[in-house]
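To keep things clear, I will list the structure first and then write my remarks on it.
The values are calculated or read from the model by the stated rules, or taken from the named source; none is laboratory data. These numbers come from a predicted model, not from an experiment. Methodologically, a virtual Cβ is constructed for each residue, glycine included, from the backbone with ideal geometry; neighbour enumeration extends over all protein chains shown. Areas reflect the complete protein model, heavy atoms only, side chains present, ligands, DNA and RNA absent. Shrake-Rupley method; radii C 1.70, N 1.55, O 1.52, S 1.80 Å.
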Amino acid sequence: MKLSPLQWLAVVAVIVVVSVAASPVDDTPPAAAASATDTAEDDEDDDGGSVFPFKALQLYNTVAGYLEYIFDIVIAPITGGVSNKKQSPTRVSYKKFQIIRVLPSDEDEVLDIEAMSEEPGVQVWMPIRLNKTADLVLPPSVARDVKRFLTQREINFIVLSSDLERSIHKQNPKSPSINQKSELKATKGHVMTWTRYHRYQDILDYLMYLSENYPHLVELMPIGKTVEGRPLKVVKISSGQTRENVVKPAIWIDGGIHAREWISPAVALFILRQLVENKSYRTLISEVDWYILPMINADGYEYSHTVDRLWRKSRRTATTKSGRTLWDMSYGCEGVDLNRNWDWHWAGVGASQDPCSDTFAGSHAFSEPETRAVSDFILDHKDRIQVYLTLHSYSQMWLIPWSHTKKLADDYDDMMYLARQATEAIQKVHGSQYQLGTTPSLLYTTSGCSDDWAKGKAGIKYSYTIELPDKGMYGFLLPAEKILSTGKEIFTGIKSIAKSILKINSMKEKTKLRG
């Protein structure tokens, strides 16, 4: 059989990888605390199996990628051959991946868990902190050894999910049939529901429905496009009414900056529905203007639906002039963390300059069209926007700037006062308790975040990040049946914020008149 030049290169890659994989490896992961005998016994019945070393697979991807690159720029021009174009990615399976919750009780245990989290394929969903629970995702290739390691170290842990793929399938109901969609559109005018997580096109269609059916309240404001060309549309909700010489305050709400946090855009859409379609809240619209962007990271959101449910970043791919990617040699090195890309202490603590990291901050501040579009819009309206709210998940927290430092903002007490009123209002709905404080005090220190930028650069005094439910039982996989309850309680908290702003403005107005 005659092989093509590219096939010969692939053969060379395999030979190199197999040779390296057969070589002894010096570094021993923490999970190797178990004896070699125990490991050999476990391998026989381990569901994950040990078919090919993970590092060898990474090496294969890297070598094969570079060989393909050499083929493209050296061999192809001579032979007239063309390498295979990148095919559509196959769906990522999380079959038999496990979610565990650990509770380190001293600094040594924190260090042990941090070292363990460096194992190939391990994801940290919630940060590892002393006397605080942390949630980790374990691939089947290391799950057994990791749990044995924790047991030997006497570190407390529980298994939240023994098969992550099964949990993923349970999160969202089956998509309605074409007939069901047609019926929904005929009766309601749109297919949007709050009993499932919808795709981005459904979201855009709903925004269009609102603008066409409530033109006196809703204006769609295109502000740009994503890396892959999807439109970004801000919904302005306003009655247009205003008192003479009084500028109406505005509130900004955005969602979906992290792709896998599906509850975030769903709640933003619920708030939209309440403000526009529920006549009970006409007062809020007559006295406050609203700017709502339900989805910032539309590319990543779609990717989380079609390829990798747990994808976090955008879908940026850096390319050379020849079109060859700089870091596409292994999966996960695409994209930018859009909540590390803002021009406020950019690329500082808590942000990475490694393109393969989930917290990659981008090549420079506002390198991404999504963050540039949002920041430009906010700066154009900063004289009216008095509240900035960004919706994330998970952990049920109401977070106050600053994120990049443990030092409190000068007006920390003012921000706390409004936030406390909001969280107390939320608790009255379903009893949900939201922790209140700065990001470093409750989670971790990080930089280049949107809420810090909104306060520090745009000058929006009341700037908050709301971490939606839950506290970890479902994590990023909050079932769609929770959308309505979550939306109702968050909307209650936001109504509280709006009323507080109106009171503050009224007091300022009275003070001016007295003066």
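Mind checking the per residue accessible area of the stretch 131-238 for me, 1.4 Å probe, whole number of Å²?
So the stretch 131-238 comes to 52 Å² accessible per residue, rounded to a whole number.
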(request) Would you mind working out the accessible area per residue for the stretch 269-321, using a 1.4 Å probe, and quoting it in Å²? (result) 29
(request) Pop a pseudo-label 7 angstrom from the Cα along the beta-carbon direction at both Ser93 and Leu379 and give the gap in nm to one decimal. (result) 4.8
(request) Enter the Cα centre distance for the pair the stretch 224-282 and the stretch 395-462, rounded to the nearest angstrom. (result) 20
(message) Under a crude label model (7 Å from the Cα following the beta-carbon direction), how far is Arg153 from Arg273 in nanometres?
(response) 4.5
(request) Kindly report, to the nearest 10 Å², the accessible surface of Phe97 as traced by a 1.4 Å probe over protein heavy atoms only. (result) 40
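With a 1.4 Å probe and all protein chains left in place, how much of the accessible area of the stretch 128-180 comes from carbon and sulfur atoms, in whole percent?
Values: 1440 of 2970 Å².
On the stretch 128-180, the fraction of accessible area on carbon and sulfur atoms equals 48 percent.
Give the carbon-plus-sulfur fraction of the accessible surface of the stretch 445-500 in %, rounded to a whole number; probe 1.4 Å, heavy atoms of protein chains only.
Details: 750 of 1470 Å².
Roughly 51 percent, rounded to a whole number.
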(request) For the stretch 351-366, just list the computed ³J(HN,Hα) in residue order, Karplus coefficients 6.51, -1.76 and 1.60, θ = phi - 60°, integers in Hz, with x standing in for Gly and Pro. (result) 10, 10, 9, 8, x, 7, 7, 5, 10, 4, 8, x, 6, 6, 4, 6
(message) Skipping prolines and chain starts, which residues have an amide H placed within reach, meaning under 5 Å, of the one on Val387, given they are 5 or more residues away or on another chain?
(response) Ala250, Trp252
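Counting only protein chains, not ligands or nucleic acids, how are Glu261, Glu509, Glu165 ordered by accessible area (probe 1.4 Å), most first? Show your work: numbers first, answer last.
Working: Glu261 10, Glu509 70, Glu165 30 Å².
Correct descending sequence by accessible area is Glu509, Glu165, Glu261.
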(message) What figure, in Å² to the nearest 10, do you get for the accessible area of Lys185 with a 1.4 Å probe and non-protein molecules left out?
(response) 120
(request) Please find the FRET efficiency linking Arg282 to Asp106, where r is the Cβ-Cβ separation and R0 is fixed at 41 Å, and quote it to the nearest 0.05. (result) 0.15
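In what sequence, largest accessible area first, do His392, His404 appear using a 1.4 Å probe? Intermediate results must be reported in sequence, preceding the final value.
Working: His392 5, His404 35 Å².
These residues rank, largest area first, as His404, His392.
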(request) Compute, for Val349, the solvent-accessible surface of its heavy atoms (probe 1.4 Å) with the complete set of protein chains present, and express it in square angstrom to the nearest 10. (result) 70
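Go through Arg153, Arg315 and list them by solvent-accessible area, largest first, probe radius 1.4 Å.
Working: Arg153 105, Arg315 30 Å².
Reading off the accessible areas and sorting them downward yields Arg153, Arg315.
Give me the accessible area per residue for the stretch 406-495, probe 1.4 Å, as a whole number in Å².
The answer is 40 Å² per residue.
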(message) Once you place label points 7 Å from the Cα toward the Cβ at Ala115 and Met221, how far apart are they in nm?
(response) 5.3
(request) Would you mind calculating the gained length between Val307 and Val247 on full extension (0.36 nm times residue separation, minus the Cα-Cα distance), in nm to one decimal? (result) 17.0 nm
